[in-house]
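The values are calculated or read from the model by the stated rules, or taken from the named source; none is laboratory data. Nothing here was measured: the structure is a model prediction, and the numbers come from that model. FYI the Cβ positions are ideal-geometry reconstructions off the backbone, even for glycines, and counts take in every protein chain you see.
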């Protein structure tokens with residue numbers, strides 16, 4: 001049962017679909033019209049600027065026709081059709097009581113109890129089939145994913161990146177080598193575990209994806225460890241709201257320089273929220289944090305307590321999952337969410353990984369477009 | 001006259017330098033120690049995590065010695081030296097009354113009265129000398145810069161990018177061609193002016209720099225036009241605080257898709273502020289804005305009024321500067337701040353530009369490291 005009314009002098013359209021009621025403003029409807037004068041029918045880009053729509057736009061008529069709404073706009077005298085599905089998808093007439101630090105429903109946080117490591121064989125990924133889509137979806141959901149049974153050849157990491165985007169080249173190159181020869185006569189090497197961290201917080205924008213690809217791994221130890229930063233932040237907020245506020249309201253500072261041509265600095269909070277409180281990113285990297293001076297004097301002591309507590313949560317074994325990368329295996333992480341670390345080595349042997357950076361928007365784009373392509377295929381088959 | 005006291009049981013150090021008084025917390029001082037157990041002396045990276053510093057760290061002694069402060073930390077019994085210069089540079093004991101929308105002092109906003117277009121000859125840029133530094137500083141300050149007398153050869157744009165970073169490759173390639181043949185028999189071409197906009201708002205992270213390099217330009221018209229988005233936002237805030245709040249408190253949505261493998265979406269405000277209210281970015285692009293549904297129903301009408309007003313300010317000729325690119329000339333813009341547009345063409349002729357994206361952190365890094373290198377050189381000469 002659908003019913004439509006035009007209210008407040010034509011500035012609002014009210015649509016009742018069964019039990020659901022949605023209101024839309026005339027200017028919003030007009031600006032989002034999908035007709036071929038307003039939108040390019042091929043690429044969907046808008047062809048007009050807002051100034052080309054009269055500011056006194058109002059709706060003179062609204063009627064229901066076959067699961068869609070037909071709206072007549074004045075003074076343009078333009079009739080536009082809106083599918084109910086599209087209207088429901090873009091409905092903004094609902095109260096969203098979002099708590100600061102809310103997490104997008106695209107994500108699912110995890111700890112050491114995560115039942116499985118999202119994995120896909122290299123061959124299957126390359127085929128861009130339903131398994132690729134499943135894996136891309138898991139990476140979006142959990143913030144990381146493993147790749148198995150890939151070729152053990154230098155540069156194979158680029159083949160993986162090509163699947164969902166482009167390399168973000170930096171001062172470390174198109175890729176970087178992570179190469180260690182464990183020498184048992186130098187015990188310093190064996191204990192070199194690194195605290196879980198995000199990479200390159202001194203960069204702005206930070207690389208939002210990292211790939212690590214294993215080519216050699218004969219040393220004992222050296223497992224990879226991951227921690228869901230969004231889970232850690234959520235725990236911090238639940239334990240101590242003030243700590244959460246301190247780390248999200250004030251910027252930390254990060255810095256990296258070499259002796260030659262690189263000097264990178266950023267000023268961003270450890271916990272980054274969007275304008276409406278969505279948890280966007282964590283930056284956590286003790287090595288490259290520089291002197292914080294955006295926190296007011298009377299909050300600095302508590303800011304440090306908050307930072308210390310977040311570090312303790314991150315170090316809690318309940319938070320971590322570990323797995324070993326064997327030659328031909330790789331993993332990617334969302335570098336704005338998932339922290340990574342390396343356990344220490346022991347014994348003798350070699351470890352050689354190649355790594356590179358990329359960006360999440362490419363991965364999301366690959367997901368959306370593969371989803372659409374596979375849906376089209378299966379509808380052709382049906 | 002300098003004087004130092006230790007207060008509140010060793011948790012705070014108070015330093016008086018002439019008329020200035022600065023307080024520092026023991027934990028902050030200890031965490032930012034520059035000794036070789038805390039910091040790598042080559043790359044400046046911190047070698048310890050916060051958990052390796054006792055949480056009950058306190059200062060048992062503080063004394064002044066030759067323009068520096070000598071602090072003894074307990075329970076570690078560690079003595080660390082801090083230069084007064086460094087302490088002043090990182091002082092956090094001052095009240096900052098920052099207004100939402102404040103602009104970093106690295107930037108200077110401008111309108112049509114901007115007295116000059118920051119420019120540098122290609123040859124001088126390549127030499128990485130004091131003129132390069134001046135130009136990089138201007139780009140940081142004004143958000144754009146022109147390059148003149150460059151080679152008229154395909155791919156010359158990459159030589160420019162190499163000066164201060166790396167190409168951000170996207171679905172549009174490592175670079176893209178902007179090529180138009182003006183055909184006076186098709187008047188549609190002549191009027192194709194574009195409203196000033198930022199590029200790729202549907203990407204996350206957006207490319208923070210854009211370079212446009214001219215190889216051919218025999219058509220009349222087609223001037224490049226730039227608008228300082230930070231100036232436009234400041235004007236909006238001064239005119240109507242509520243409009244400013246609406247565009248910064250709620251996210252817009254942006255989208256771009258082709259028929260194959262690209263589908264990019266983002267959800268970000270038109271005016272992006274940092275946690276402490278610094279103006280970080282403007283996203284303004286009518287073509288790729290999709291249906292906004294993060295704005296509550298009772299604010300949507302005003303949100304549209306705010307968006308319309310911002311567009312009017314951007315279109316105000318008082319805001320724009322225009323210049324023409326001739327073959328061998330180029331410009332870069334900070335794509336998070338400066339909007340760009342193209343005026344319409346007339347007559348006959350051709351116009352061919354090559355463009356690419358890059359990131360600001362590379363440009364800043366080039367600036368800081370060149371500044372240091374030149375300072376070192378001049379001190380050697382002296």
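Results for (1) at the interface with chain B (Cβ under 9 Å from one of its Cβ atoms); (2) surrounded by fewer than 22 Cβ atoms within 10 Å (Cβ to Cβ); (3) part of a helix (DSSP H, G or I), shown as yes or no for each residue.
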{"position": "A:200", "(1), (2), (3)": "no, no, no"}
{"position": "A:204", "(1), (2), (3)": "yes, yes, no"}
{"position": "A:226", "(1), (2), (3)": "no, no, no"}
{"position": "A:230", "(1), (2), (3)": "no, no, yes"}
{"position": "A:237", "(1), (2), (3)": "no, yes, yes"}
{"position": "A:242", "(1), (2), (3)": "no, yes, yes"}
{"position": "A:247", "(1), (2), (3)": "no, no, yes"}
{"position": "A:254", "(1), (2), (3)": "no, no, no"}
{"position": "A:261", "(1), (2), (3)": "yes, yes, no"}
- Looking only at segment A:271-283, and only at residues there that are touching a helix residue (DSSP H, G or I) at 6+ places or on another chain (Cβ under 8 Å) and at the interface with chain B (Cβ under 10 Å from one of its Cβ atoms), the one that is surrounded by the most Cβ atoms within 10 Å (Cβ to Cβ): A:271
- Query: Can you name every residue in segment A:307-318 that is more than 7 Å from chain B (Cβ to nearest Cβ) and surrounded by 22 or more Cβ atoms within 10 Å (Cβ to Cβ)?
  - Reply: A:310, A:314
- Of the residues that sit in segment A:57-71 and are assigned to a strand (DSSP E or B) and without any contact (Cβ under 8 Å) to a residue 24 or more places away in the chain, which one is nearest to residue A:25 (Cα to Cα)? A:70
- Item | Filter pass, residue A:349 being more than 10 Å from chain B (Cβ to nearest Cβ), farther than 25 Å from residue A:137 by Cα, surrounded by fewer than 21 Cβ atoms within 10 Å (Cβ to Cβ) and in contact with a strand residue (DSSP E or B) (Cβ under 6 Å, 6 or more places away or on another chain) | yes
- Query: Looking at residue B:325, is it away from every other protein chain (no Cβ under 14 Å) and farther than 30 Å from residue A:91 by Cα?
  - Reply: yes
- Item | Output for segment A:284-301, where each listed residue is more than 29 Å from residue B:244 (Cα to Cα), surrounded by fewer than 21 Cβ atoms within 10 Å (Cβ to Cβ) and touching a helix residue (DSSP H, G or I) at 6+ places or on another chain (Cβ under 9 Å) | A:286, A:291, A:301
- Item | Extreme residue, farthest from the other protein chains (Cβ to nearest Cβ), among residues of segment A:360-370 that are in contact with a strand residue (DSSP E or B) (Cβ under 6 Å, 6 or more places away or on another chain) and touching a residue at least 24 places away in the same chain (Cβ under 8 Å) | A:360
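Can you tell me which residue within segment B:328-341, out of those that are more than 14 Å from chain A (Cβ to nearest Cβ) and surrounded by fewer than 21 Cβ atoms within 10 Å (Cβ to Cβ), is farthest from the chain's Cα centre (by Cα)? Can you show your working first?
To start, the set of residues in segment B:328-341 that are more than 14 Å from chain A (Cβ to nearest Cβ) comprises B:328-333, B:338, B:340.
Pick out the ones that are also surrounded by fewer than 21 Cβ atoms within 10 Å (Cβ to Cβ) and you get B:328, B:340.
Values: B:328: 26, B:340: 16 Å.
Selected residue: B:328.
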- Query: Where in segment A:1-48 are there strands (runs of 3 or more DSSP E), lying wholly inside it, with at least 3 residues that are touching a residue at least 24 places away in the same chain (Cβ under 8 Å) and facing chain B (nearest Cβ under 10 Å)?
  - Reply: A:20-25
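Taking residue B:194, is it more than 9 Å from chain A (Cβ to nearest Cβ) and outside any loop (DSSP other than H, G, I, E, B)?
Values: more than 9 Å from chain A (Cβ to nearest Cβ): yes; outside any loop (DSSP other than H, G, I, E, B): no.
No.
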- Residue under evaluation residue A:295, criteria (1) more than 7 Å from every other protein chain (Cβ to nearest Cβ); (2) within 30 Å of residue B:273 (Cα to Cα); (3) in a loop (DSSP other than H, G, I, E, B), criterion not met: (1)
- Task: Select from segment A:253-270 the residues that are in contact with a strand residue (DSSP E or B) (Cβ under 6 Å, 6 or more places away or on another chain) and closer than 30 Å to residue A:101 by Cα and list them in ascending order.
- Result: A:253, A:254, A:255, A:256, A:264, A:265, A:266, A:267, A:270
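Scanning segment A:72-98 for residues that are more than 9 Å from chain B (Cβ to nearest Cβ) and touching a residue at least 60 places away in the same chain (Cβ under 8 Å), which turns out farthest from residue B:256 (Cα to Cα)? Break it down into steps so the answer makes sense when it comes.
Going residue by residue through segment A:72-98, those that are more than 9 Å from chain B (Cβ to nearest Cβ) are A:72-85, A:87-88, A:97-98.
Right, trim to touching a residue at least 60 places away in the same chain (Cβ under 8 Å) and you get A:74, A:84, A:87-88, A:98.
Working: A:74: 29, A:84: 22, A:87: 19, A:88: 21, A:98: 27 Å.
Here the answer is A:74.
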- Read through the list (1) touching a residue at least 40 places away in the same chain (Cβ under 8 Å); (2) buried (at least 23 other Cβ atoms within 10 Å of the Cβ), then give the number of the only condition that residue A:304 fails. (1)
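Anything in segment B:215-224 that is more than 24 Å from the chain's Cα centre (by Cα) and either part of a strand (DSSP E or B) or not assigned by TED's automatic domain parsing to the domain that holds residue B:302 (or both)? List them, or say none. Steps first, please.
Going through segment B:215-224, the residues more than 24 Å from the chain's Cα centre (by Cα) turn out to be B:215-223.
Once the filter is applied, which keeps residues that are more than 24 Å from the chain's Cα centre (by Cα) and either part of a strand (DSSP E or B) or not assigned by TED's automatic domain parsing to the domain that holds residue B:302 (or both), segment B:215-224 yields B:215, B:216, B:217, B:220, B:221.
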- Message: Among the residues of segment A:327-342, are any assigned to a helix (DSSP H, G or I), at negative phi, in contact with a strand residue (DSSP E or B) (Cβ under 9 Å, 6 or more places away or on another chain) and at pLDDT 95 or above?
- Response: no
